[in-house]
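Comments concern the structure below.
The values are calculated or read from the model by the stated rules, or taken from the named source; none is laboratory data. Please read these numbers as outputs of a predicted model, since none were measured by experiment. FYI the Cβ positions are ideal-geometry reconstructions off the backbone, even for glycines, and counts take in every protein chain you see.
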Amino acid sequence: MEREDLKKALNLGKLSQIGVVVRDLQRTIKNYEEVIGIGPFATIEFKPEKSFVKGRRGDVHFKIGIAPFSPEMSLELLEVINGEPYHKDFLEKNGEGIQHLGFFTDDYDGVLKRAERLGISVLMSAETDVPGMGHVRAAYLDTLEKIGTLVEIIEVKQPK
């Protein structure tokens, strides 16, 4: 499938996040803020109520730092505490660096259905309430071979 066909078929929307896997979140945040001026970072512990790795129940736990580049774009730093293998595998193979591109969507289920029709599997998914953010559903799509990185789709719904 050609890139333009893939883009139209997935209909991900606008890139909203660059996801970087790091070994030590606090050290990295300090370096980014003090040395290159990115920040300030908000930090959260992400241990979702529901998480699945390749369709099976998983135990996912991250420390996350988020800094806005603009109202539409942010940098997400992820330190793995335990569970999900994709970030750990990335660190072992590549070291710290960009691991995924995140797209906020209002059509989460539609993106998943379109990806499935294209033969793109969901590597990991999670669902939880995040204080100050809302109810979050997120999924990593196995797009590494097609575009050279993973794609994360993210849906945020405000509490009613």
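Quick notes on this structure:
- Looking across region 112-139, the residues that are among the basic types (Lys, Arg) and in contact with a helix residue (DSSP H, G or I) (Cβ under 6 Å, 6 or more places away or on another chain) come down to ARG114, ARG137.
- Contact map, region 59-82: residues that are within 15 Å of HIS100 (Cβ to Cβ) paired with residues that are basic (Lys, Arg) and buried (at least 17 other Cβ atoms within 10 Å of the Cβ), Cβ distance under 9 Å, separation 6+ or inter-chain. Pairs shown: LEU77/LYS63; LEU78/LYS63; GLU79/LYS63; VAL80/LYS63.
- When ALA126, ALA67 are checked against the criterion of being aliphatic (A, V, I, L, M) and more than 22 Å from ILE38 (Cβ to Cβ), a single residue qualifies: ALA126.
- Among (1) buried (at least 16 other Cβ atoms within 10 Å of the Cβ); (2) touching a Pro at 6+ places or on another chain (Cβ under 7 Å); (3) among the small types (Gly, Ala, Ser); (4) under 25 Å from ASN11 (Cβ atoms), the one test that ALA115 misses: (2)
- Residue list for region 120-153, filter: among the acidic types (Asp, Glu) and under 15 Å from the mean Cα position of the chain (by Cα): GLU127, ASP142, GLU152
- GLU76 meets the conditions (1) within 11 Å of the chain's Cα centre (by Cα); (2) farther than 21 Å from VAL21 by Cα; (3) not β-branched (Val, Ile, Thr) in every case but one. The failed one is (2).
- Pairs meeting the criteria (first residue in region 117-144 and more than 17 Å from GLN17 (Cα to Cα) and in contact (Cβ under 8 Å) with a residue 12 or more places away in the chain, second residue surrounded by fewer than 13 Cβ atoms within 10 Å (Cβ to Cβ) and of a type in the set (A, V, I, L, M), beta carbons under 8 Å, at least 6 apart or on different chains) are LEU118/MET1.
- Criterion (among the hydrophobic types (A, V, I, L, M, F, W, C), within 14 Å of the chain's Cα centre (by Cα) and either at pLDDT 85 or above or surrounded by fewer than 16 Cβ atoms within 10 Å (Cβ to Cβ) (or both)) met by exactly one of VAL20, VAL60, VAL35: VAL20
- Filtered by the rule that a residue be touching a strand residue (DSSP E or B) at 6+ places or on another chain (Cβ under 7 Å) and surrounded by fewer than 16 Cβ atoms within 10 Å (Cβ to Cβ), region 128-148 gives ASP129, VAL130, MET133, GLY134, HIS135.
- Among strands (runs of 3 or more DSSP E) entirely within region 84-142, having at least 2 residues that are over 20 Å from VAL60 (Cβ atoms) singles out no element at all.
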